[in-house]
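Right, one structure below, let's go through it.
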Amino acid sequence: MRDTTWITCPTCNSKTRIKILPDTKIDSLPLYCPKCKQENVISVCNLKIIVNNK
């Protein structure tokens, strides 16, 4: 199995329900955090999470 990483919430740093691989590329994903109940739009490239402000 390949190495996977959990996406963490940019607001509270808790683990969300989404895993990514090192080669995952995501653009404009609405990420919901079950802990803080916030939704952020993010992009992912090379395991780097970028928060897209509205």
Inside the range 1-16, can you point out the residues that are more than 9 Å from the chain's Cα centre (by Cα) and hydroxyl-bearing (S, T, Y)? T4, T5, T11, S14
Residue identified as surrounded by fewer than 15 Cβ atoms within 10 Å (Cβ to Cβ), free of Cβ contacts under 8 Å to residues at least 24 places away in the same chain, in a loop (DSSP other than H, G, I, E, B) and over 10 Å from the mean Cα position of the chain (by Cα) among P22, P34: P34
From R17, R2, grab the single residue that is surrounded by fewer than 11 Cβ atoms within 10 Å (Cβ to Cβ) and in a strand (DSSP E or B). R17
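Any read-out appearing in this document is the output of simple, stated calculations on the displayed coordinates, not a laboratory observation. Note that the structure is a prediction, hence the values are computed from the model and not measured. As a convention, Cβ positions derive from the backbone with ideal geometry for all residues, glycine included, and neighbour counts pool all protein chains shown.
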